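Below is one structure, written out as structure tokens; comments come after it.
Nothing in this text is a laboratory measurement; each read-out follows from the coordinates by a stated rule. Computed from a prediction, not measured in an experiment: that's the story for all the values here. For neighbour counting, all protein chains shown are included, and Cβ atoms are generated from backbone atoms with ideal geometry for every residue, glycine included.
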Amino acid sequence: MKRTLTIDYGDEVLLALGYTPRQFSEEAKLLIAIKLYELGRLSSGGAAKLADIPKPLFLTKLAEYGVDTFQLTEDDLQQDLDSARRHL
């Protein structure tokens, strides 16, 4: 089941950032996902799903926001290994 989070903000936020409402929404979703990953509350795969982007793209975005990419859990590493084996 998908749920929705609503955040109230004024046009001054969009003006300050130079974003459209869609750009702001996408970045806010990404930032929430990155922070939950950084805190260890979501795996990289779970955070990527929250951000609604592919996991490899999420991992590249981490560096752009100064977050260590290699906070992978044992489960993350096993999933990546299993995925790599399937593609051999």
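Taking segment 51-76 as the region of interest, how many residues are surrounded by fewer than 17 Cβ atoms within 10 Å (Cβ to Cβ) and within 19 Å of ILE7 (Cβ to Cβ)?
Looking only at that region, the number is 2.
Output the number of the condition that LEU62 fails; it satisfies all remaining conditions of (1) in contact (Cβ under 8 Å) with a residue 12 or more places away in the chain; (2) more than 14 Å from the chain's Cα centre (by Cα).
Among (1) in contact (Cβ under 8 Å) with a residue 12 or more places away in the chain; (2) more than 14 Å from the chain's Cα centre (by Cα), the lone unmet condition for LEU62 is (2).
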